[in-house]
Every structure is written in structure tokens, then in C-alpha cells.
């Protein structure tokens, strides 16, 4: 049984180059806001001062951003990336169409139908088009998706090209070919670096970070009392699910509780199928999914999720002695 001061591990998702200290502070501040929302304000000082847990922000963003510039401008769409991106966008649009049916959400449905038309045209013309032409069509899809309420005017992703480039990070991480698999291994090594197997570990992961955490926790030998997933693409169809290792997908054996949170306006998540598509661990633990409704225009950020009391409460309860 793991004993001693708990460890709290933050695992970020897609995006540009990050500053470890800045994001460490922002995630803790958001979690403190969530603690207040949960009526647990007495735990804030212990959390932010490091008394409750040793907190680590696992920053692997430099492994994806070659020049180190925010929104890495050196990325170019490769021929081998097209199938993954078209599949991922297809899954996202399918889930969004379920969330916004024409009867109740006519504007959103029109936007999604427009994006679907553009994606179908890109797929159908792929054989006769160059990679550049396909890329421009896919940028058109992501640009159209940015018109959805809750996504437009987002400060984090300013244009469709940036969206496509950052979504491509998911495919790059999941690429298992011999010359490509080293990236995923390096990311997982960065996440697990410096952890103490003898002490309990609480993991909060977001976006691509939930995919990374899924595989890293299957490799990790220590006890994980609770694993929190936020805005997870793990259930975005076979395009992600069928690429996970190990397969068939199941909850890591060392996880005692898995809590998954999703927001209806989070474009990366889609419907909460995760609990149905990923099997339980040998001890019967599987994801328990709960919806949260974030305030503001852009919901696919870790800090938006962490500000919810429902998200912060299980983290604080687990860390408290």
C-alpha cells in the first residue's frame, strides 16, 4: 500500500510550447477556484503552498514544437497524416451532429453540415489532389467548426490552420511505425519522470494528455487513488481507440477510481462514450463520466474544467490526510 505525502500530476494536452512554471501556477489557481466552488476553501492554502501534495506539471510540449514558437509554424501536413486527420474530423463532426440536432439547434446544425460537406469533398478528391490541396480543404473544415458557439472568438486557437496543426499532435503521438514511435515513448517518459512509486499519485490529465496518461499509467508501477480525465478524446471513435496500447482498451490496473468530465460545448470531446468503449480493469474499475457546463466562449481548456467544484472535489478529498 502506498504511503507518504501524495503526489499530484498534471498532464496537459495539445497546444504550442508551454512554460512549465506558468502552467503549473495556472492549473493550481484554477484548481483552487474549483475548491472554493466545492465549498472546500480551507484546502486552498494547503494546495497552493504544497502542503497537501508535491505537485508536478509534466511538460512535453517541446517534443511537438520543433522551433519552440507558440503555435509551431514549421508544421506541414504530411501525406501519412491525412488519413488520421480526416478520420478524427469525421468522428468529431459525427459526435457534434448528435449534440446539436437540427430540430433544436438549427444554426449549429447548419454549421456542422457545412463542415461535413467540406470534409466529404476533401476525402473524395484526395486521390486527385496534392497534399497541399487536401490540407487547405481540411483547414476549411476546422475554420467552419470555429463558427460554432462556444468555439468562435477563442483566444487559444485563432484560425483553422492552428486547430488542424494541434489536432495533428494526437496522430503524431499515436503513430506506432518504427521511425515514428519514439515520440510517444519520449512523451510518456517525460510524464513519468521523477515520480515516487512508493507514494500515492493523483493524476489530472486533459485532452491529448488523457491519451498519454492512459498509456503511461499502464506502464506505471505505483498506486493511483484517483485519475481525472478532462475533455478526453479517448472515445472519439476507432480513430483513437483502436490505436491505444494496450488493446483492447481497459482501465489501468493500478487506478482505484477513474472520473471523466466532459463539457457539451467542448469540440474535442463529443458524446461521453468513454465509459462504454473502454473496459474495466481486472478489479472492476472503469470510467465514471459526468458532464460539466463551463462559462465563457472556449471550453476546451484544462483550467475551465478545473474551476468546477465537481472536478476539484475528488482531487482535494483524495489529497487530504
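Residues that are surrounded by 20 or more Cβ atoms within 10 Å (Cβ to Cβ) and in a helix (DSSP H, G or I) within segment 46-59 comprise just one, 47. Being under 20 Å from residue 24 (Cβ atoms) and buried (at least 21 other Cβ atoms within 10 Å of the Cβ) holds for only one residue in 209, 171, and it is 209. Hey, can you tell me all the residues within segment 126-149 that are in contact with a helix residue (DSSP H, G or I) (Cβ under 8 Å, 6 or more places away or on another chain), outside any loop (DSSP other than H, G, I, E, B) and at pLDDT below 85? Scanning segment 126-149 gives a single hit, 131.
Filtering 34, 13 for residues that are modelled with pLDDT under 95, surrounded by 18 or more Cβ atoms within 10 Å (Cβ to Cβ) and assigned by TED's automatic domain parsing to the domain that holds residue 204 leaves a single hit, 13.
Any residue at all in segment 202-209 that is closer than 20 Å to residue 56 by Cα, modelled with pLDDT under 95 and in a loop (DSSP other than H, G, I, E, B)? Looking for residues that are closer than 20 Å to residue 56 by Cα, modelled with pLDDT under 95 and in a loop (DSSP other than H, G, I, E, B), one finds at least one in segment 202-209, hence yes. Once segment 89-104 is narrowed to residues that are modelled with pLDDT of 85 or more and surrounded by fewer than 17 Cβ atoms within 10 Å (Cβ to Cβ), the residue that is nearest to residue 262 (Cα to Cα) is 94.
Scanning segment 246-265 for residues that are in a loop (DSSP other than H, G, I, E, B) and at pLDDT below 95 yields a count of 6.
Looking at segment 266-291 only, could you name the residues that are at pLDDT below 90 and buried (at least 20 other Cβ atoms within 10 Å of the Cβ)? Result: 266, 267, 268, 269, 270, 274. Please go through segment 1-45 and pick out each residue that is part of a helix (DSSP H, G or I), in contact (Cβ under 8 Å) with a residue 60 or more places away in the chain and more than 25 Å from the chain's Cα centre (by Cα). Passing the criteria: only 43. The one condition from (1) in the same structural domain as residue 18 (by TED's automatic domain parsing); (2) more than 17 Å from the chain's Cα centre (by Cα) that residue 214 does not meet is (2). Just give me the residues in segment 210-242 being at pLDDT below 95 and part of a loop (DSSP other than H, G, I, E, B), in sequence order. Residues satisfying the conditions are 231, 232, 233, 234, 235, 236, 237, 242. Exactly one residue out of 154, 165 is at pLDDT below 90, within 18 Å of the chain's Cα centre (by Cα) and crowded, with 20+ Cβ neighbours inside 10 Å: that is 165.
The values are calculated or read from the model by the stated rules, or taken from the named source; none is laboratory data. Just so it is clear, the structure is predicted and the values come from calculations on it, not from any experiment. All Cβ positions, even for glycine, are placed from backbone atoms using ideal geometry, and neighbour counts span all protein chains on display.
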